[in-house]
Amino acid sequence: MKLALVAAALLALPATASAAPVPIPPGPSGGGKEFTGHAAKPHRVKAPPIPRHPFMAANGRNAVHNDAYQSDTYRNSGPIGPDLRVFSQSVDGMGGVGSCGITIAFDKRGRLVTTCITASSVTLRLMDKDLGTIANYEVGPRVIPPGVNPFQSPGGAYFYMDNKDRAVVSIGRQVQVIAVRGNSLQHVRTYDLSSVIPADDQLNSALPDWSGRLWFVSRQHGIVGDLDPATGRVLGSKRTGEAIGNSFAMDETGGVFVVTDKAQYRFDARRNGAPKVTWRYAYRNVGIKKPGQFDAGSGTTPTLMGRRYLSIADNAAQLHVVVLRRGKHLERGQKRVICQQPVFDKGRGDTENSIIATDRSMIVENNYGYFPPPDATSGGKTTTPGVERVDVKRNGKGCRSVWRSNEISPSTVPKLSLKTGLIYVYTKPKGLPDRWYLTAVDFRTGKTVWHRLIGTGLLYNVHYAGLTISPKGVLYSGVLGGTIGVADR
(Lines give C-alpha, C1' and ligand atoms only; values in the text may rest on other atoms or scores of the structure.)
Protein backbone atom coordinates (compact mmCIF):
# COMPACT_ATOMS: atom_id res chain seq x y z
CA MET A 1 0.00 0.00 0.00
CA LYS A 2 1.27 3.48 -0.84
CA LEU A 3 2.15 5.56 2.24
CA ALA A 4 0.41 8.90 2.68
CA LEU A 5 2.45 12.07 2.36
CA VAL A 6 1.53 14.08 5.42
CA ALA A 7 4.43 16.35 6.41
CA ALA A 8 2.60 19.56 5.48
CA ALA A 9 -0.44 18.61 7.52
CA LEU A 10 1.74 17.80 10.52
CA LEU A 11 3.54 21.14 10.43
CA ALA A 12 0.28 23.08 10.14
CA LEU A 13 -0.82 22.06 13.63
CA PRO A 14 -0.60 24.76 16.33
CA ALA A 15 2.40 24.82 18.65
CA THR A 16 0.99 26.82 21.56
CA ALA A 17 -2.04 24.74 22.57
CA SER A 18 -3.15 21.15 22.18
CA ALA A 19 -4.97 20.42 18.95
CA ALA A 20 -7.89 18.09 19.67
CA PRO A 21 -7.01 14.59 18.45
CA VAL A 22 -8.71 13.28 15.33
CA PRO A 23 -9.28 9.55 15.92
CA ILE A 24 -7.98 6.90 13.56
CA PRO A 25 -10.88 5.92 11.27
CA PRO A 26 -12.60 2.68 12.29
CA GLY A 27 -12.03 -0.40 10.17
CA PRO A 28 -14.50 -3.08 9.09
CA SER A 29 -16.98 -4.11 11.76
CA GLY A 30 -18.00 -7.58 12.88
CA GLY A 31 -16.45 -10.59 14.54
CA GLY A 32 -14.99 -10.75 18.01
CA LYS A 33 -16.00 -9.35 21.39
CA GLU A 34 -14.66 -6.01 22.58
CA PHE A 35 -13.30 -7.55 25.80
CA THR A 36 -12.70 -11.13 26.88
CA GLY A 37 -11.16 -12.31 30.14
CA HIS A 38 -11.24 -10.79 33.61
CA ALA A 39 -9.65 -8.09 35.72
CA ALA A 40 -6.04 -8.85 36.56
CA LYS A 41 -5.00 -9.61 40.11
CA PRO A 42 -1.62 -7.92 40.51
CA HIS A 43 1.37 -10.07 41.43
CA ARG A 44 4.57 -8.09 41.84
CA VAL A 45 7.64 -9.41 40.02
CA LYS A 46 10.84 -9.20 42.05
CA ALA A 47 13.67 -7.56 40.15
CA PRO A 48 16.58 -5.38 41.23
CA PRO A 49 16.24 -1.72 40.24
CA ILE A 50 18.08 -0.66 37.10
CA PRO A 51 20.52 2.21 37.64
CA ARG A 52 19.38 5.51 36.19
CA HIS A 53 21.63 6.70 33.41
CA PRO A 54 23.07 10.11 34.38
CA PHE A 55 22.70 11.54 30.87
CA MET A 56 19.23 10.21 30.06
CA ALA A 57 15.73 10.97 31.31
CA ALA A 58 14.34 8.82 34.12
CA ASN A 59 13.90 5.09 33.56
CA GLY A 60 10.58 4.30 31.91
CA ARG A 61 10.52 7.70 30.21
CA ASN A 62 13.64 7.85 28.05
CA ALA A 63 13.54 5.47 25.06
CA VAL A 64 11.74 2.61 23.33
CA HIS A 65 13.20 -0.05 25.65
CA ASN A 66 12.73 2.05 28.82
CA ASP A 67 16.28 2.36 30.20
CA ALA A 68 19.97 2.03 29.39
CA TYR A 69 19.80 -1.73 30.08
CA GLN A 70 17.03 -2.00 27.42
CA SER A 71 14.97 -4.07 29.87
CA ASP A 72 11.45 -3.31 28.53
CA THR A 73 10.19 -3.37 32.12
CA TYR A 74 8.26 -0.80 34.14
CA ARG A 75 8.11 -0.45 37.92
CA ASN A 76 4.67 1.20 37.66
CA SER A 77 1.32 -0.35 36.78
CA GLY A 78 -0.29 -0.60 33.37
CA PRO A 79 -3.96 -1.19 32.53
CA ILE A 80 -5.65 -3.82 34.70
CA GLY A 81 -9.09 -4.18 33.06
CA PRO A 82 -11.83 -5.03 32.49
CA ASP A 83 -13.32 -1.56 31.86
CA LEU A 84 -10.77 -0.12 29.45
CA ARG A 85 -10.99 3.11 27.45
CA VAL A 86 -9.40 3.04 23.98
CA PHE A 87 -8.62 6.32 22.21
CA SER A 88 -6.47 7.36 19.26
CA GLN A 89 -4.91 10.13 17.18
CA SER A 90 -4.68 9.91 13.38
CA VAL A 91 -1.19 10.48 12.00
CA ASP A 92 -2.43 13.32 9.78
CA GLY A 93 -6.04 13.89 10.81
CA MET A 94 -7.18 12.42 7.50
CA GLY A 95 -6.84 8.68 7.95
CA GLY A 96 -3.43 8.44 6.32
CA VAL A 97 -0.77 5.79 6.85
CA GLY A 98 2.25 6.46 9.03
CA SER A 99 3.26 5.50 12.56
CA CYS A 100 3.45 8.02 15.42
CA GLY A 101 4.99 5.99 18.20
CA ILE A 102 7.56 3.36 17.28
CA THR A 103 9.41 5.04 20.14
CA ILE A 104 7.41 7.00 22.73
CA ALA A 105 9.19 8.85 25.54
CA PHE A 106 8.00 11.45 28.05
CA ASP A 107 9.12 14.95 28.91
CA LYS A 108 9.52 16.18 32.49
CA ARG A 109 5.82 17.10 32.61
CA GLY A 110 4.76 13.58 31.58
CA ARG A 111 3.75 14.54 28.04
CA LEU A 112 4.39 12.18 25.12
CA VAL A 113 7.32 12.77 22.78
CA THR A 114 7.48 10.64 19.65
CA THR A 115 8.50 10.57 16.02
CA CYS A 116 5.87 10.41 13.30
CA ILE A 117 7.27 8.47 10.36
CA THR A 118 5.57 8.70 6.98
CA ALA A 119 6.56 7.89 3.41
CA SER A 120 8.68 11.00 3.07
CA SER A 121 9.39 12.54 6.45
CA VAL A 122 10.26 12.13 10.11
CA THR A 123 8.57 14.63 12.43
CA LEU A 124 9.03 14.95 16.18
CA ARG A 125 5.68 15.39 17.93
CA LEU A 126 4.77 16.54 21.44
CA MET A 127 1.35 15.32 22.67
CA ASP A 128 -0.75 15.58 25.80
CA LYS A 129 -2.04 12.53 27.70
CA ASP A 130 -5.21 12.42 25.53
CA LEU A 131 -3.07 12.45 22.34
CA GLY A 132 -3.82 16.06 21.47
CA THR A 133 -0.93 17.53 19.49
CA ILE A 134 0.94 20.36 21.23
CA ALA A 135 3.85 20.86 18.83
CA ASN A 136 5.63 19.39 15.82
CA TYR A 137 9.18 19.73 14.53
CA GLU A 138 10.20 18.34 11.14
CA VAL A 139 13.43 16.45 11.75
CA GLY A 140 14.13 15.79 8.10
CA PRO A 141 13.39 13.68 5.05
CA ARG A 142 13.15 9.95 5.53
CA VAL A 143 15.97 7.89 4.03
CA ILE A 144 14.84 4.66 2.35
CA PRO A 145 17.65 2.72 0.63
CA PRO A 146 17.00 1.60 -2.96
CA GLY A 147 15.08 -1.66 -3.19
CA VAL A 148 14.15 -1.71 0.51
CA ASN A 149 10.52 -2.18 1.55
CA PRO A 150 9.50 1.18 3.11
CA PHE A 151 7.82 -0.78 5.89
CA GLN A 152 11.20 -2.31 6.79
CA SER A 153 13.32 0.84 6.75
CA PRO A 154 13.48 2.07 10.34
CA GLY A 155 15.32 5.39 9.91
CA GLY A 156 14.14 7.92 12.53
CA ALA A 157 12.50 5.30 14.73
CA TYR A 158 15.18 5.35 17.45
CA PHE A 159 15.65 8.39 19.66
CA TYR A 160 16.05 9.09 23.36
CA MET A 161 15.20 11.83 25.85
CA ASP A 162 18.23 13.16 27.69
CA ASN A 163 18.56 14.55 31.21
CA LYS A 164 17.93 18.10 29.92
CA ASP A 165 14.48 17.36 28.43
CA ARG A 166 15.83 17.12 24.88
CA ALA A 167 15.09 14.54 22.20
CA VAL A 168 18.21 13.15 20.52
CA VAL A 169 17.14 11.77 17.13
CA SER A 170 19.21 9.75 14.63
CA ILE A 171 18.30 10.33 10.99
CA GLY A 172 20.32 9.87 7.82
CA ARG A 173 23.92 10.72 8.70
CA GLN A 174 23.01 13.23 11.39
CA VAL A 175 22.06 13.26 15.05
CA GLN A 176 19.71 16.11 15.88
CA VAL A 177 19.07 17.51 19.36
CA ILE A 178 15.62 19.07 19.84
CA ALA A 179 14.55 20.59 23.17
CA VAL A 180 11.11 20.65 24.77
CA ARG A 181 10.65 24.28 25.87
CA GLY A 182 7.23 25.04 27.25
CA ASN A 183 4.76 24.11 24.52
CA SER A 184 7.29 24.15 21.72
CA LEU A 185 10.01 21.98 20.19
CA GLN A 186 13.21 23.88 19.41
CA HIS A 187 16.30 22.77 17.53
CA VAL A 188 19.45 22.92 19.66
CA ARG A 189 22.19 21.47 17.47
CA THR A 190 23.04 18.93 14.78
CA TYR A 191 25.94 16.49 14.81
CA ASP A 192 26.97 15.85 11.20
CA LEU A 193 28.59 12.42 10.88
CA SER A 194 29.06 12.37 7.11
CA SER A 195 32.83 12.27 7.69
CA VAL A 196 32.58 8.75 9.14
CA ILE A 197 29.26 7.43 7.75
CA PRO A 198 29.44 6.91 3.95
CA ALA A 199 26.70 8.07 1.60
CA ASP A 200 25.36 4.52 1.10
CA ASP A 201 24.76 4.08 4.85
CA GLN A 202 22.72 5.74 7.59
CA LEU A 203 22.62 5.94 11.37
CA ASN A 204 20.46 3.48 13.21
CA SER A 205 20.74 4.69 16.79
CA ALA A 206 22.71 7.01 19.09
CA LEU A 207 22.96 6.76 22.90
CA PRO A 208 25.28 8.15 25.60
CA ASP A 209 27.64 6.10 27.71
CA TRP A 210 27.90 6.63 31.47
CA SER A 211 30.60 9.29 30.92
CA GLY A 212 28.46 11.32 28.54
CA ARG A 213 30.13 10.45 25.24
CA LEU A 214 27.54 10.02 22.49
CA TRP A 215 27.88 6.64 20.76
CA PHE A 216 26.34 5.84 17.39
CA VAL A 217 25.91 2.81 15.12
CA SER A 218 25.24 2.61 11.38
CA ARG A 219 22.85 0.32 9.60
CA GLN A 220 24.64 -1.03 6.54
CA HIS A 221 28.38 -1.16 7.29
CA GLY A 222 28.10 -1.66 11.02
CA ILE A 223 30.11 1.41 11.97
CA VAL A 224 30.42 1.95 15.73
CA GLY A 225 31.71 5.32 16.90
CA ASP A 226 31.47 8.01 19.52
CA LEU A 227 31.76 11.76 19.78
CA ASP A 228 32.26 14.51 22.32
CA PRO A 229 28.80 16.12 22.66
CA ALA A 230 30.28 19.45 23.79
CA THR A 231 32.37 19.95 20.65
CA GLY A 232 30.82 17.51 18.20
CA ARG A 233 34.27 16.06 17.50
CA VAL A 234 34.25 12.37 16.57
CA LEU A 235 36.54 10.58 19.01
CA GLY A 236 36.87 7.46 16.89
CA SER A 237 35.00 4.81 14.95
CA LYS A 238 35.29 1.17 13.96
CA ARG A 239 33.81 -0.41 10.86
CA THR A 240 32.73 -3.96 11.68
CA GLY A 241 31.51 -4.72 8.16
CA GLU A 242 28.46 -6.36 9.76
CA ALA A 243 25.00 -4.80 9.48
CA ILE A 244 23.42 -3.43 12.66
CA GLY A 245 19.64 -3.57 12.58
CA ASN A 246 18.80 -2.48 16.13
CA SER A 247 19.85 -0.25 19.00
CA PHE A 248 22.38 -1.05 21.72
CA ALA A 249 22.77 -1.09 25.50
CA MET A 250 25.13 0.56 28.01
CA ASP A 251 26.03 -0.13 31.63
CA GLU A 252 27.68 1.79 34.45
CA THR A 253 31.04 0.04 34.00
CA GLY A 254 31.49 1.79 30.65
CA GLY A 255 30.40 -1.14 28.51
CA VAL A 256 28.61 -0.49 25.23
CA PHE A 257 26.89 -3.63 23.94
CA VAL A 258 26.18 -3.91 20.22
CA VAL A 259 24.81 -6.88 18.29
CA THR A 260 25.45 -7.13 14.57
CA ASP A 261 24.23 -9.65 12.01
CA LYS A 262 27.21 -11.81 12.94
CA ALA A 263 28.17 -11.29 16.56
CA GLN A 264 27.59 -9.73 19.96
CA TYR A 265 30.23 -7.13 20.90
CA ARG A 266 31.28 -5.32 24.01
CA PHE A 267 32.96 -1.98 23.29
CA ASP A 268 34.70 0.28 25.77
CA ALA A 269 36.34 3.68 25.31
CA ARG A 270 40.10 4.00 25.12
CA ARG A 271 41.89 6.74 27.10
CA ASN A 272 41.40 9.10 24.17
CA GLY A 273 37.70 8.21 24.04
CA ALA A 274 37.88 6.15 20.83
CA PRO A 275 35.93 2.86 20.83
CA LYS A 276 37.74 -0.44 21.18
CA VAL A 277 36.42 -4.01 20.98
CA THR A 278 36.68 -5.60 24.42
CA TRP A 279 35.22 -8.95 23.36
CA ARG A 280 33.24 -10.48 20.50
CA TYR A 281 30.97 -13.53 20.53
CA ALA A 282 29.81 -15.03 17.21
CA TYR A 283 26.32 -16.47 17.72
CA ARG A 284 24.71 -19.23 15.65
CA ASN A 285 23.34 -17.98 12.36
CA VAL A 286 21.67 -19.94 9.57
CA GLY A 287 22.62 -17.07 7.25
CA ILE A 288 19.19 -16.25 5.84
CA LYS A 289 16.66 -13.53 6.60
CA LYS A 290 13.68 -15.39 8.01
CA PRO A 291 10.15 -14.07 7.34
CA GLY A 292 9.59 -11.42 10.00
CA GLN A 293 13.17 -10.13 10.18
CA PHE A 294 14.85 -7.01 8.78
CA ASP A 295 18.20 -8.78 8.37
CA ALA A 296 19.84 -12.20 8.39
CA GLY A 297 20.90 -11.96 12.01
CA SER A 298 19.74 -11.38 15.54
CA GLY A 299 16.62 -9.21 15.58
CA THR A 300 17.14 -8.12 19.17
CA THR A 301 18.66 -5.12 20.86
CA PRO A 302 20.93 -6.56 23.61
CA THR A 303 19.18 -6.64 26.99
CA LEU A 304 21.27 -6.34 30.15
CA MET A 305 20.26 -8.51 33.12
CA GLY A 306 21.23 -7.45 36.61
CA ARG A 307 24.94 -6.76 37.01
CA ARG A 308 26.35 -9.82 35.21
CA TYR A 309 24.44 -11.01 32.14
CA LEU A 310 23.07 -9.93 28.79
CA SER A 311 20.61 -11.68 26.48
CA ILE A 312 19.95 -11.75 22.75
CA ALA A 313 18.27 -14.08 20.28
CA ASP A 314 20.41 -15.81 17.68
CA ASN A 315 19.46 -16.66 14.09
CA ALA A 316 19.90 -20.42 14.10
CA ALA A 317 17.45 -22.71 12.30
CA GLN A 318 16.21 -23.48 15.81
CA LEU A 319 15.90 -20.08 17.45
CA HIS A 320 17.72 -19.73 20.79
CA VAL A 321 17.72 -17.23 23.61
CA VAL A 322 21.43 -16.69 24.31
CA VAL A 323 22.66 -15.47 27.70
CA LEU A 324 26.26 -14.23 28.04
CA ARG A 325 28.47 -12.92 30.81
CA ARG A 326 28.97 -9.28 29.91
CA GLY A 327 31.98 -8.34 32.04
CA LYS A 328 35.23 -7.22 30.45
CA HIS A 329 37.09 -10.31 31.58
CA LEU A 330 36.18 -13.85 32.56
CA GLU A 331 37.33 -15.36 35.80
CA ARG A 332 39.38 -18.54 35.75
CA GLY A 333 37.21 -21.45 34.61
CA GLN A 334 34.33 -19.26 33.38
CA LYS A 335 32.88 -19.34 29.89
CA ARG A 336 31.25 -16.41 28.12
CA VAL A 337 28.07 -18.37 27.38
CA ILE A 338 25.60 -19.14 30.18
CA CYS A 339 23.07 -20.84 27.91
CA GLN A 340 21.66 -21.21 24.42
CA GLN A 341 18.05 -22.10 25.20
CA PRO A 342 15.87 -23.31 22.28
CA VAL A 343 12.54 -21.48 21.90
CA PHE A 344 9.55 -22.05 19.62
CA ASP A 345 9.49 -24.76 16.96
CA LYS A 346 12.50 -25.53 14.78
CA GLY A 347 12.25 -23.75 11.44
CA ARG A 348 9.33 -21.62 12.64
CA GLY A 349 10.88 -19.11 15.00
CA ASP A 350 12.45 -15.66 14.76
CA THR A 351 12.13 -12.34 16.52
CA GLU A 352 12.71 -8.77 15.44
CA ASN A 353 11.97 -7.30 18.86
CA SER A 354 14.03 -6.97 22.00
CA ILE A 355 13.76 -9.49 24.82
CA ILE A 356 12.06 -8.39 28.05
CA ALA A 357 14.37 -9.21 30.97
CA THR A 358 14.80 -9.01 34.72
CA ASP A 359 18.02 -10.22 36.34
CA ARG A 360 17.05 -13.87 35.69
CA SER A 361 13.87 -14.06 33.58
CA MET A 362 13.36 -13.32 29.88
CA ILE A 363 10.28 -13.01 27.68
CA VAL A 364 10.62 -13.48 23.92
CA GLU A 365 7.93 -13.32 21.25
CA ASN A 366 7.75 -15.07 17.88
CA ASN A 367 7.56 -12.84 14.78
CA TYR A 368 7.96 -15.68 12.27
CA GLY A 369 5.82 -15.12 9.19
CA TYR A 370 5.48 -11.32 9.30
CA PHE A 371 6.57 -10.94 5.68
CA PRO A 372 5.98 -9.06 3.53
CA PRO A 373 4.80 -6.43 5.97
CA PRO A 374 2.08 -5.36 6.34
CA ASP A 375 0.40 -7.73 3.84
CA ALA A 376 1.28 -10.77 5.98
CA THR A 377 -1.44 -9.79 8.45
CA SER A 378 -4.06 -8.61 5.94
CA GLY A 379 -6.96 -10.52 4.40
CA GLY A 380 -7.49 -12.66 7.49
CA LYS A 381 -3.88 -13.92 7.61
CA THR A 382 -1.60 -13.85 10.63
CA THR A 383 1.78 -15.11 11.81
CA THR A 384 3.17 -18.04 13.83
CA PRO A 385 2.14 -18.19 17.51
CA GLY A 386 4.49 -17.98 20.44
CA VAL A 387 5.44 -15.99 23.51
CA GLU A 388 7.89 -17.82 25.77
CA ARG A 389 9.50 -17.28 29.17
CA VAL A 390 13.07 -18.47 29.78
CA ASP A 391 14.85 -18.27 33.15
CA VAL A 392 18.51 -18.49 34.05
CA LYS A 393 18.87 -21.27 36.61
CA ARG A 394 19.49 -20.06 40.15
CA ASN A 395 22.98 -21.54 40.21
CA GLY A 396 23.83 -19.66 37.01
CA LYS A 397 24.55 -22.89 35.15
CA GLY A 398 22.24 -22.91 32.16
CA CYS A 399 18.65 -21.86 31.46
CA ARG A 400 15.23 -23.46 31.25
CA SER A 401 11.94 -22.75 29.52
CA VAL A 402 9.26 -21.90 32.11
CA TRP A 403 6.18 -21.64 29.85
CA ARG A 404 5.05 -20.99 26.30
CA SER A 405 1.90 -19.09 25.33
CA ASN A 406 0.18 -19.58 21.98
CA GLU A 407 -0.72 -15.90 21.65
CA ILE A 408 0.09 -14.47 18.21
CA SER A 409 2.03 -11.21 18.36
CA PRO A 410 3.20 -10.46 14.81
CA SER A 411 5.60 -7.60 15.45
CA THR A 412 5.20 -5.57 18.63
CA VAL A 413 7.81 -4.62 21.23
CA PRO A 414 6.15 -6.17 24.32
CA LYS A 415 6.45 -4.77 27.85
CA LEU A 416 6.27 -6.06 31.44
CA SER A 417 4.83 -4.22 34.43
CA LEU A 418 6.80 -5.43 37.44
CA LYS A 419 4.17 -3.95 39.74
CA THR A 420 1.27 -6.02 38.35
CA GLY A 421 3.07 -9.00 36.82
CA LEU A 422 1.37 -8.43 33.46
CA ILE A 423 3.10 -8.82 30.12
CA TYR A 424 1.49 -6.66 27.42
CA VAL A 425 1.55 -7.87 23.81
CA TYR A 426 -0.36 -6.78 20.72
CA THR A 427 -2.05 -9.75 19.10
CA LYS A 428 -3.92 -10.71 15.94
CA PRO A 429 -5.88 -13.94 15.41
CA LYS A 430 -6.73 -15.42 12.03
CA GLY A 431 -9.93 -14.43 10.30
CA LEU A 432 -11.82 -11.46 8.92
CA PRO A 433 -12.07 -8.68 9.72
CA ASP A 434 -8.40 -8.24 10.66
CA ARG A 435 -8.74 -7.68 14.41
CA TRP A 436 -5.99 -6.23 16.60
CA TYR A 437 -5.98 -6.68 20.39
CA LEU A 438 -4.03 -5.46 23.37
CA THR A 439 -3.44 -8.66 25.35
CA ALA A 440 -2.34 -9.13 28.96
CA VAL A 441 -0.44 -12.33 29.86
CA ASP A 442 0.42 -13.46 33.40
CA PHE A 443 4.19 -13.40 33.93
CA ARG A 444 4.05 -16.29 36.42
CA THR A 445 1.98 -18.78 34.43
CA GLY A 446 1.88 -17.64 30.80
CA LYS A 447 -1.92 -17.69 30.88
CA THR A 448 -3.84 -14.98 29.07
CA VAL A 449 -5.68 -12.68 31.48
CA TRP A 450 -7.59 -10.60 28.94
CA HIS A 451 -7.89 -9.31 25.37
CA ARG A 452 -9.13 -5.81 24.52
CA LEU A 453 -10.04 -5.08 20.90
CA ILE A 454 -8.22 -1.96 19.71
CA GLY A 455 -9.43 -1.82 16.10
CA THR A 456 -9.71 -3.60 12.77
CA GLY A 457 -7.84 -3.23 9.52
CA LEU A 458 -4.45 -1.96 8.37
CA LEU A 459 -4.44 1.28 10.37
CA TYR A 460 -4.46 -0.62 13.69
CA ASN A 461 -1.45 -2.79 12.85
CA VAL A 462 1.22 -2.00 15.48
CA HIS A 463 4.05 -2.75 12.98
CA TYR A 464 7.15 -3.07 15.21
CA ALA A 465 6.17 -0.21 17.54
CA GLY A 466 7.02 -0.35 21.22
CA LEU A 467 4.18 -0.55 23.71
CA THR A 468 4.74 2.23 26.23
CA ILE A 469 3.32 2.77 29.72
CA SER A 470 3.12 6.34 31.00
CA PRO A 471 3.94 7.38 34.59
CA LYS A 472 0.15 7.52 35.11
CA GLY A 473 -0.37 3.92 33.95
CA VAL A 474 -1.77 4.63 30.48
CA LEU A 475 -0.54 2.34 27.71
CA TYR A 476 0.32 3.96 24.36
CA SER A 477 1.61 2.66 21.05
CA GLY A 478 2.19 3.69 17.51
CA VAL A 479 0.12 1.95 14.84
CA LEU A 480 0.01 2.38 11.07
CA GLY A 481 -2.75 4.96 11.42
CA GLY A 482 -1.10 7.06 14.13
CA THR A 483 -1.15 6.55 17.92
CA ILE A 484 -3.46 4.62 20.27
CA GLY A 485 -3.96 4.80 24.02
CA VAL A 486 -5.53 2.35 26.50
CA ALA A 487 -6.44 3.24 30.07
CA ASP A 488 -8.51 1.94 32.97
CA ARG A 489 -11.63 4.05 33.35
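The values are calculated or read from the model by the stated rules, or taken from the named source; none is laboratory data. Just so we're clear, the structure is a prediction, and the values are computed from it rather than from any experiment. Cβ: placed from backbone, ideal geometry, glycine included. Neighbour counts: every protein chain shown. We work out accessible area using only protein heavy atoms, side chains counted, and drop any ligands, DNA or RNA first. Shrake-Rupley method; radii C 1.70, N 1.55, O 1.52, S 1.80 Å.
Pairwise Cα distances in the chain exceed 38 Å in 16 percent of cases. Legend: calculated FRET efficiency, R444 to K164, from the Cβ-Cβ distance at R0 = 35 Å, rounded to 0.05, equals 0.35. Highest mean packing first, where packing is the average number of other Cβ atoms within 10 Å per residue, the peptides 371-380, 29-38, 417-426, 218-227 line up as 417-426, 218-227, 371-380, 29-38. Ignoring lysines fewer than eight residues from K290 along the same chain, the ones with Cα atoms less than 26 angstrom from its Cα are K2, K262, K346, K381, K415, K428, K430.
With the full set of protein chains in place, find how many percent of the accessible area of the range 53-179 is carbon and sulfur; take the probe as 1.4 Å.
Of all accessible area on the range 53-179, carbon and sulfur atoms account for 54 percent.
Counting only residues at least eight positions apart within a chain, or on another chain, the aspartates and glutamates with an alpha carbon under 18 Å from that of K238 are D192, D200, D201, D209, D226, D228, D261, D268. Judged by the mean number of other Cβ atoms found within 10 Å, the most tightly packed of the peptides 86-93, 391-398 leads the ranking 86-93, 391-398. Give the shape of the range 366-489 as rounded, prolate or oblate, defined through the alpha-carbon gyration tensor: a ≥ b ≥ c are the square roots of its eigenvalues, a/c under 1.5 means rounded, and otherwise the shape is prolate if a/b is larger than b/c and oblate if not. Cα axes put the range 366-489 in the oblate bin.
Any idea how far the Cα center of the range 433-488 sits from the one of the range 152-204, in Å? The distance from the Cα centre of the range 433-488 to that of the range 152-204 comes to 27 Å.
Evaluating 6.51 cos²θ - 1.76 cosθ + 1.60 at θ = phi - 60° for every residue in the range 53-61, the Karplus couplings come out as 6, x, 10, 10, 4, 4, 4, x, 10 Hz, glycine and proline recorded as x. For the range 198-245, the ratio of Cα radius of gyration to the globular rule of thumb 2.2 N^0.38 Å stands at 1.11. Over the Cα atoms of the range 35-167, the radius of gyration divided by the Kirkwood radius equals 1.00; this is the Rg/Rh ratio.
So if I take the centroid of the Cα atoms in the range 277-352 and the same for the range 93-118, what is the distance between those two points in Å? About 31 Å separates the Cα centre of the range 277-352 from the one of the range 93-118. Report, in deg cm²/dmol and to the nearest 500, the calculated mean residue ellipticity at 222 nm for the chain, where each DSSP H run with n ≥ 4 adds -39500 (n - 2.57) and the sum is divided by the residue count. Estimated from H runs of four or more residues: 0 deg cm²/dmol.
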